[in-house]
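Structure first, commentary second.
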Amino acid sequence: MLPETQQSLWKQLCHEARFTIPHTIVAGGETRYQSVKNGLSSITGEGLVGVHDGVRPLVSSEVITRCYKEAETKKAVVPVVDTIETLRKVSNGKSETVNRNEYKFVQTPQVFDIKLLKRAYMQNFNPSFTK
């Protein structure tokens, strides 16, 4: 998915870099939810699909491979990373340290069975989906 305003630049970069891997460009939406939904609507057939944030372009091939391998049997895989940073909860003007062992950073790619993810995206949007 790419915003429509960036699609011609992508095509130019593919041409300049002689990028020949077959792919389809789908217009992104105003939100991540809408972008994923647009992408899913362009996919036919069965298999696995990965959802990846463009703001995290340096994911390792090992993480990608592992996610797809795990999704073959588990049908839904989301990579997570332990946090080593100090975390603080801020509420009503007060701040307190929380136990970092109770939290994980959720990463991408998130890999799903296509039918499972399409079924999930048939629901009406709720902001809690992407908090």
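Observations
- Unique residue being under 19 Å from Val77 (Cα atoms), at pLDDT 90 or above and surrounded by 12 or more Cβ atoms within 10 Å (Cβ to Cβ) when the list is Val26, Val51: Val51
- Flag for Arg56 being more than 27 Å from Lys11 (Cβ to Cβ) and basic (Lys, Arg): no
- Here the helices (runs of 4 or more DSSP H) wholly within the stretch 3-98 that include at least 1 residues being in contact with a Phe, Trp or Tyr (Cβ under 7 Å, 6 or more places away or on another chain) are 32-41, 61-74.
- Condition met for Asn99 (among the polar types (S, T, N, Q) and farther than 30 Å from Leu40 by Cα): yes
- Look at (1) aliphatic (A, V, I, L, M); (2) under 14 Å from the mean Cα position of the chain (by Cα); (3) surrounded by fewer than 10 Cβ atoms within 10 Å (Cβ to Cβ); (4) within 17 Å of Leu40 (Cα to Cα) and you find that Leu58 fails only one, number (4).
The values are calculated or read from the model by the stated rules, or taken from the named source; none is laboratory data. It should be emphasised that the depicted structure is a prediction, and the values quoted were computed from it without experimental measurement. Glycine gets a Cβ as well: all are built from the backbone with ideal geometry, and neighbour counts include every protein chain shown.
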